[in-house]
Structure formats: C-alpha cells, structure tokens
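To keep things clear, I will list the structure first and then write my remarks on it.
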Amino acid sequence: MTGCVEKIEPDLKENAPKVVIEGLITNQPGPYTVKLSETNSFYTSTPPPGIDNALVIISDNTGAIDTLKNTGDGVYLTNTIKGIIGNTYDLSVFAKGITFHAVSFLPPVTTIDSIFTNYYAEDDFIHKKGYYLAFSAIEPKGRDDYYLWKFYKDGILLNKPSDIQIASDEGIKENIDGLESPYVFQMGDTAKVEMYSLTEAAYNFYDGLNVNLHNDGGFYSSPPANPPSNISGGALGLFQASAVETSVFVVK
C-alpha cells in the first residue's frame, strides 16, 4: 500500500487590521499602562505594530481626568490618576480616526490569610517533585467575585501567555482554602502570588481567551472567536480595573 501527502495552502480572507487596546489600572501605585496596537495578517510572524499619535484619556467618577503620555511603540502611561477601590474608570481612545470607549469598575479583592507550600516527594500526573505554593483567603459571601492569579519565582513571572489562572467564586465554591499554584518551587526559592480582582466582563474576556488558547481544533471544539471585549467602537482587547493582593513566601 502506498500513500501521499498533498500540501494545501488555504486561501484565507485578509481582513482590514483592527485596533487592539490593552489597559490596566490597579490600586497599586502608578503609572498605569494602556497599549495600542493593530492586528496582523495570519501569515505574519512579526509583532503587531504599535499605534502612536493617539489621544488616550482616563477619567473616574470623582472628576479626576488624565491625558496619558505616549512613550513609543503604542505604549501610553498615566500621569496623575490613581486606582481606588470602588471607583469607576472611563477610558477614551481616539486613534485611526475612530473613537473607542470602555468603562470598568475597580472591585475589591479579598485578603490572603495564609500562604504555605505542599511538598511532593515524587513526580505524578499533576506534580513534579518539589514544593507547590498554596494559600487560603476568606471569600466574601453575598456577592459575585472573580479572580486572576499571577505567580513569581525569585521575581520572575511564571505564567506563560497560555497560563491564564482565573476563577469565579462559583467555580471555587466560595472557598479559597489551600488553593495550589500549578508551578513547582525548590528549597530557597522566593515565591510570590498576586491576586487580582476582576469584573464579570474582565473574567469573561479571559475565559474566552482561554478557550481560544486551548482549542485543539478538533471535531467537537468550538469555532474560534474573539474574546468578548468591554471596549466599544470595534476594538479588540480589554480595559481592566483591579485591586491587587500580594503575598511573598520563602520556601524553607
């Protein structure tokens, strides 16, 4: 029996570039960043081009207003505005002849009560030999909460672009008790966890992004689609306002 492989180059439709907006404001000291770029062709491997010469403004419900400074390559930094829990932030972007707009509430985040490690003496299906950071926190009752976590080892971020660690209080059953990170640590490592509060819109964005990143293209997989954005005007991306809780632990 013989067989052959025929190489097929699909004729993919080239759509006009879309504006991508990535903005984050937190209750930590600024400056905060808004990144503007454009989508690339499917066949292009170069990084997406940044958008300079845009007007980017962030204001809040207390009357504060800040016109961001362009630092090049589509990166804009705040000057004076502060991230305060309970405030609502309004982002306006004027770029490519189009006005884009987004609003985000800055929700509170719960306090990490304890942080510790679990040790695994042998490799198994989930763990490698070593220590795994775990933490507990009191999850507030009577409200809907959404979270994102980032983990660091000796100051280096461990989350890869495809490692988006998110959860809703419904998903964790309103109980953060010994929640374990997916990253292994060794004796002497300095481990850090950052816990971000998310709005429901931000959670849905990351959840949709996760679906795309882990889509295997199989028969039962959902068709790829852009994550739901909270930005109007046709832009892709997310304007995120988050409170951040940080805890550090030295493995010993």
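The values are calculated or read from the model by the stated rules, or taken from the named source; none is laboratory data. None of the values given here were measured: they were computed from a predicted structure. Because the Cβ atoms are built from the backbone with ideal geometry, glycine has one as well, and the counts that use them run over all protein chains shown.
Please determine whether any residue of region 145-158 is in contact (Cβ under 8 Å) with a residue 60 or more places away in the chain, of a type outside the set (Ser, Thr, Tyr) and farther than 23 Å from Val34 by Cβ.
Going residue by residue through region 145-158, those that are in contact (Cβ under 8 Å) with a residue 60 or more places away in the chain are 148.
The next check asks that each one be of a type outside the set (Ser, Thr, Tyr); those that pass are 148.
Next, only the ones that are farther than 23 Å from Val34 by Cβ stay: none.
For region 145-158, residues in contact (Cβ under 8 Å) with a residue 60 or more places away in the chain, of a type outside the set (Ser, Thr, Tyr) and farther than 23 Å from Val34 by Cβ: absent.
Among the listed residues Phe100, Phe116, Phe151, Phe135, which satisfies the condition of being of a type outside the set (S, T, N, Q), assigned by TED's automatic domain parsing to the domain that holds Thr26 and in a strand (DSSP E or B)?
Details: Phe116 fails: assigned by TED's automatic domain parsing to the domain that holds Thr26; Phe151 fails: assigned by TED's automatic domain parsing to the domain that holds Thr26; Phe135 fails: assigned by TED's automatic domain parsing to the domain that holds Thr26.
Of the residues listed, the single one that is of a type outside the set (S, T, N, Q), assigned by TED's automatic domain parsing to the domain that holds Thr26 and in a strand (DSSP E or B) is Phe100.
Among the residues of region 58-73, write down those that are surrounded by fewer than 18 Cβ atoms within 10 Å (Cβ to Cβ), in a strand (DSSP E or B) and either touching a Gly at 6+ places or on another chain (Cβ under 8 Å) or touching a residue at least 12 places away in the same chain (Cβ under 8 Å) (or both).
Taking region 58-73 and keeping what is surrounded by fewer than 18 Cβ atoms within 10 Å (Cβ to Cβ), we get 59, 61-65, 67, 69, 71-73.
Next, only the ones that are in a strand (DSSP E or B) stay: 59, 65, 67, 69, 71-72.
Scanning region 58-73 gives Ser59, Ile65, Thr67, Gly72.
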Report, by residue number, each residue of region 32-45 that is within 19 Å of Gly237 (Cβ to Cβ) and either crowded, with 16+ Cβ neighbours inside 10 Å or free of Cβ contacts under 8 Å to residues at least 12 places away in the same chain (or both).
Tyr32, Val34, Lys35, Leu36, Ser37, Glu38, Thr39, Thr44
How about region 156-197: which of its residues are closer than 19 Å to Ile112 by Cα and either of a type in the set (Gly, Ala, Ser) or not assigned by TED's automatic domain parsing to the domain that holds Ala134 (or both)?
Ala167, Ser168, Gly171, Gly178, Ser181, Ala191, Ser197
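Kindly indicate which of Pro107, Pro29 is surrounded by fewer than 15 Cβ atoms within 10 Å (Cβ to Cβ) and within 30 Å of Ala191 (Cβ to Cβ).
Details: Pro107 fails: surrounded by fewer than 15 Cβ atoms within 10 Å (Cβ to Cβ).
One residue alone meets the criteria, Pro29.
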